[in-house]
1. Quick check, is ALA37 assigned to a loop (DSSP other than H, G, I, E, B), on the phi < 0 side of the Ramachandran plot and crowded, with 22+ Cβ neighbours inside 10 Å?
2. Answer with yes or no whether LEU49 is in contact with a strand residue (DSSP E or B) (Cβ under 9 Å, 6 or more places away or on another chain) and modelled with pLDDT of 85 or more.
3. Taking the conditions exactly as written (at pLDDT 95 or above, surrounded by 15 or more Cβ atoms within 10 Å (Cβ to Cβ) and in contact with a strand residue (DSSP E or B) (Cβ under 9 Å, 6 or more places away or on another chain)), does GLY128 satisfy them or not?
4. Looking only at helices (runs of 4 or more DSSP H) that fall completely inside segment 461-539, which ones have 1 or more residues that are at pLDDT below 80 and closer than 30 Å to ARG434 by Cβ?
5. Mind listing whichever residues of segment 476-525 are in contact with a Phe, Trp or Tyr (Cβ under 6 Å, 6 or more places away or on another chain) and among the β-branched types (Val, Ile, Thr)?
6. Provide a single number: the residues in segment 215-253 that are part of a loop (DSSP other than H, G, I, E, B) and among the hydroxyl-bearing types (Ser, Thr, Tyr).
7. For segment 419-440, which residues satisfy the criterion of being in a loop (DSSP other than H, G, I, E, B) and charged (D, E, K, R)?
8. Which condition does PRO56 not pass, out of (1) farther than 13 Å from VAL101 by Cα; (2) in contact (Cβ under 8 Å) with a residue 60 or more places away in the chain; (3) touching a strand residue (DSSP E or B) at 6+ places or on another chain (Cβ under 9 Å), if it passes all the others?
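The values are calculated or read from the model by the stated rules, or taken from the named source; none is laboratory data. Because the structure is a prediction, the values reported are computed rather than measured. We place every Cβ from the backbone using ideal geometry, glycine too, and count neighbours over all the protein chains shown.
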Amino acid sequence: MSDTPNIDIRPDHWQIVRDILCKHVPQYEVWAFGSRAKWLAKQYSDLDLAIITDQPLSLAVSAALADDFSESDLPWKVDVVDWATTGDSFRKIIKRDKVIVQESDRYLGMKKGWPRRQLKDCAKWYSGGTPSKGVASYWGGDIPWISSKSLTSFFVSDSEDRVTNEGAHNGTRLVPKDSILFVVRGMSLKTEFRMGIATRPVTFNQDVKALLAINDVLPAYLAYAIKSKTNEILQMVGEAGHGTGVLPTDRIQSLEIPIPPIADQRAIARILGNLDERIELNQRMDQTLEAMVRALFKSWFVDFDGVASEDMQESELGLIPKGWRVASFGDLLESSIGGDWGKEKPEDDHNEPVIIIRRTDFFDIKSGGKGGAPTRYTTAKKMASRNLQEGDIIIEISGGSPVQPTGRSMRISRSILARFESPVVCASFCRRFRPVSLSVGVLVACHLNYLYENGGTWEYQNQSTGIANFQTSHFLKVEKVVIPPDEQLKEFVTLVSPILDSMSTNQNLMLTQLRDTLLPKLLSGELRVKDAERMAETV
């Protein structure tokens, strides 16, 4: 079949139709019929399509097709007929005029004969470890030491903790670039499967497994094949002490994946990898924007650039511009309240679905994604008192380490809230700050970010139990903030708000959703590579 089928339709219009069909019904044969199939159409005649189904299309698919066609740039309507719900008399009319415009993909790819193989036979499997924390020469080098908290992106290139070459060969394991890493033990397994592929040599701890692809399996393809099994893998997770999630190695090794020819593996990995690279590029751009905001905050509220010495006055923080004042952080908040964790399933009065944002979700959400924020169930009372709204600030209050303090924070924007279908609250290891106004909220959010990045939250840590906790009450009383007059505050907010807003755009959400849509369809053979490439180009 030629790229444009033998019907009365322009090639550019056909591309729109084809992409919508590939997006929603790639597995079905599609026929055109009526005036455009018979070349009797007028300029604005409808395009009639029949989806050749065995069972009726779901309402969701039918609605999505209708919405995409109606919102497209096509200058005429597209009428879609579901073959399974069509009567015999109308079927005869359709058959008489039919032109096949999309072949069925149900018998392509894996279903046509891609062999399947267990994961244990696709790679060499390695366990990690932890070099002795008592040997200083093992730590502080430039080799990433990967743990669960490091696996926040698909491409793994760095970690908060690093070891020396000596440490890499004492108590842990060094694996090469293109090693696949995933978590097999930790609380994160209760809600998400963290994994990625190393872009450089790394070491890793005992809660992580490393796989080195062998024989006729490309590393990047293997990584995506494992990622496509996320739901199955999460179903395998058991519990160790204190509710820690554990993934049995023998069970994940028994999973089967399709092994297409190398050329197909390379094409699939390229398409999905390009999407992940775009996601990570956006994340790096957002980090640059965040650094710009910190620089502006420092210029205005730390260095007081542009203010002459004779225009300064003494304060408890030293010299500040005349007319400015110093306030305790707590005085700038309307309220401060702890988060919630709710229940995994509806239970008694815990029947309100709510999205729980954890500290581990901050990075992805700041960059336009949704993180791995789970849906749980809480009470109506707790949801009403803890519900997040625009301008709120979430701060991490528990879970730091000897090398990483608590106090990381995230400001909630309208764009962030719009990504989620249910009300949103922060997790129980976080706290919600609600500033007295949106403009003051921008100021205190910038203050918190600057404070954390410059090590200022260390003095508010309490680590008596081995887990670092943030001394919130002490912080709210002791931490001081410089407040300008309303006119200058408005000027600062006007300056930084566009930067803050651009950091939380939803493009990464669209890229992530497209990647997650293409992933199973490419691996199952439902979607052809060329069609997936066209879909990727639309975002």
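1. Spelling it out, ALA37 is indeed assigned to a loop (DSSP other than H, G, I, E, B), on the phi < 0 side of the Ramachandran plot and crowded, with 22+ Cβ neighbours inside 10 Å.
2. yes
3. Judged against the criteria, GLY128 is a match.
4. So the answer is 486-503, 507-524.
5. VAL481, VAL482
6. 2
7. So the first thing to find is which residues in segment 419-440 are in a loop (DSSP other than H, G, I, E, B), and the list is 419-423, 427-429, 436-437.
If the condition is that a residue be in a loop (DSSP other than H, G, I, E, B) and charged (D, E, K, R), then ARG419, GLU421 are the ones that fit.
8. (2)
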